[in-house]
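Data block below; observations after.
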Amino acid sequence: MYKKLTAALLSVPLLAFAASQAHAEEPEDLYQDPMTIKLVPSSNFTVSIHGSYELIDLENGETVEIEDEIKFRHGEEDVTLRIPGGEEEEEYTSSEGYTLKEDGVSSDNYVSITSVLRAGTSFQTTDYRGSLVIEPEEDRNPDGADDVEEQDPESDPEEETVGRLQLFNVLDMEDYLKGVVPREMSASWPIEALKAQAVAARNYAQMNMASNEFLYDTTSHQVYHGLSGEGARSNQAVEDTRGVIATHNGSPIYAYFHASSGGHTDNSENVWANEVPYIRGVEDSYDTHGSNPNNNWTTTLSQDDATEAIFPDGNHELVDLEIMEKSDAGRVLEMKATGINEDTGETEEKVLPDGSSPDSLRWNLGTTLKSTMFDLSSESSGNDGVTIKTADGSEESFDSAIGMEMRQEDGSDEAITYENLAVRTTSGVEYVDNISASSFEFEGSGWGHGLGMSQWGAYNMAQQGMDYRDILNHYYTNIDIVEQ
């Protein structure tokens, strides 16, 4: 999982002893279902110890005597620590790093770290259960982290691994979930909704940990605030469902969840790429209730911002944007954008999304949309398009004259490529706005990808007296809820 102790050994007995010693130094051996979470500390940070811990140098396997505070200092190729005591601080350096391991697992044990980028928000003092592994700087990115669908497309977790020590929190699954559940769902919500969230989060964590060296504490995987983020009721929900997971045909499921379905969840292939048998769309009247703030939302996008996002080459002007296809659940699957080349007047049509999943429309249009369950309308800047009088005296209206050819004084024809069209009238020259759509308005419902469990739907189901098994069976198709 992380660097193992290595040394030049002279004999087989010594080798056997060293292997046993290295094995004993792995903190995940302490936990029944271990999780490893990558934290992002500041370059230098201090760890305060509460309870019983031991500090082990991963370079030589030796135990370092500690008090209740350790100061860690960044190094590109090593880890330096200082331990206050007496008149002077003792200083140690290791090329491999250190493990700060629980000396006997206990709920009384925890560490407080002075400066951690808590779940990608801001650097804060944060408490964590379990153990820590501190290693030298290294570019590290877990398998698949860049492919997680809920990840902010503008974030790059790998960039946060440079210029600071590598810091990992190793702890038991159930303690990890206690720092996750109240960050994904309010701890004040009904207990059965919290239980459903605990099972979904347990499934999600187990599936991701099985395929990754470590997980991030952000939406790249699941938001995790450690002990500092725990709540009494959410802790109860985790304990009441301890070890419970959802399975399909005997295997754990990816229990995707989102804030609000907008009244209908969707099939996995309509949002992402693959067809998943237990992620099928279901009618979800539980989601549309008065307490849900996501029933209806409106987002306005300027024509300039849409043009920049859809035609980033800078030579095109967006003149039309329309929805081409929706899923049965009402989510947009495909859109068409029409642009005019400002240099040549030629029209270009672009199908969206361009090589990505339909869900990427939430952030690929020049704004961030709550969901892809929306309708689209355009707003003009005071004009109703352009009316053209043809040679036979008839008139025809168009959204825009860009791309049309206009006869010049010398008899040549030239494509119209400018937004403000000069028109000679009886009273002189007037300028007409040549782009009919000055903005686009999205009217939508729901929040998130719309797959699996709606959290606001779970809230309402629990309010109506249903238990967490009812909730999970409603949102996931043909599953079994079992205790491991």
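Compute the distance from the alpha-carbon center of the range 204-232 to that of the range 119-139, in whole Å.
First find each Cα centre; the distance between them is then 13 Å.
Can you list residues from other chains, or at least 5 along the same chain, whose modelled amide H is less than 5 Å from the amide H of H316?
Long-range HN contacts for H316: E342.
Quick one: what are the phi-derived ³J(HN,Hα) couplings along the range 465-472, Karplus 6.51/-1.76/1.60 with θ = phi - 60°, whole Hz, x for glycine and proline?
Residue by residue, the range 465-472 yields x, 7, 9, 5, 5, 4, 4, 5 Hz.
Considering only the other residues whose Cβ falls under 13 Å of the Cβ of Q464, what net charge follows from Lys and Arg at +1 and Asp and Glu at -1? Walk me through the numbers on the way to the answer.
Working: positive: none; negative: E192, D287, D467, D470.
Computed value for this residue: -4.
Step through the residues of the range 335-341 one at a time and calculate ³J(HN,Hα) from phi using the Karplus curve (6.51 cos²θ - 1.76 cosθ + 1.60, θ = phi - 60°), rounding each to whole Hz and writing x for Gly and Pro.
For the range 335-341, the Karplus-derived couplings read 10, 10, 10, 10, x, 10, 5 Hz, x marking Gly and Pro.
Which percent of the accessible area of the range 241-359 is formed by carbon and sulfur heavy atoms (probe 1.4 angstrom)?
40 percent
Return the sequence-ordered ³J(HN,Hα) values of the range 367-379 in whole Hz as given by the Karplus equation 6.51 cos²θ - 1.76 cosθ + 1.60 applied to θ = phi - 60°, using x for Gly and Pro.
Each residue's phi maps through the Karplus curve to give 8, 10, 9, 5, 7, 9, 8, 8, 10, 10, 9, 10, 10 Hz.
What FRET efficiency comes out for V482 versus D392 if R0 is 51 angstrom and r is the Cβ-Cβ distance? Round to the nearest 0.05.
So, using R0 = 51 Å, E works out to roughly 0.10.
Please give, to one decimal in nm, the separation of the simple spin-label points placed at D343 and Q124, each 7 Å out from Cα toward the Cβ.
5.0 nm
What is the Cα centroid distance between the range 356-372 and the range 81-117, reported in whole angstrom?
Centre-to-centre (Cα) distance: 44 Å.
The values are calculated or read from the model by the stated rules, or taken from the named source; none is laboratory data. Only a predicted model underlies this, so the values are computations on that prediction, with no experimental measurement involved. Don't worry about glycine lacking a Cβ; one is built from the backbone with ideal geometry, like all the others, and counts go over all protein chains shown. Surface accessibility is based on the protein's heavy atoms, side chains included, excluding ligands, DNA and RNA. Shrake-Rupley method; radii C 1.70, N 1.55, O 1.52, S 1.80 Å.
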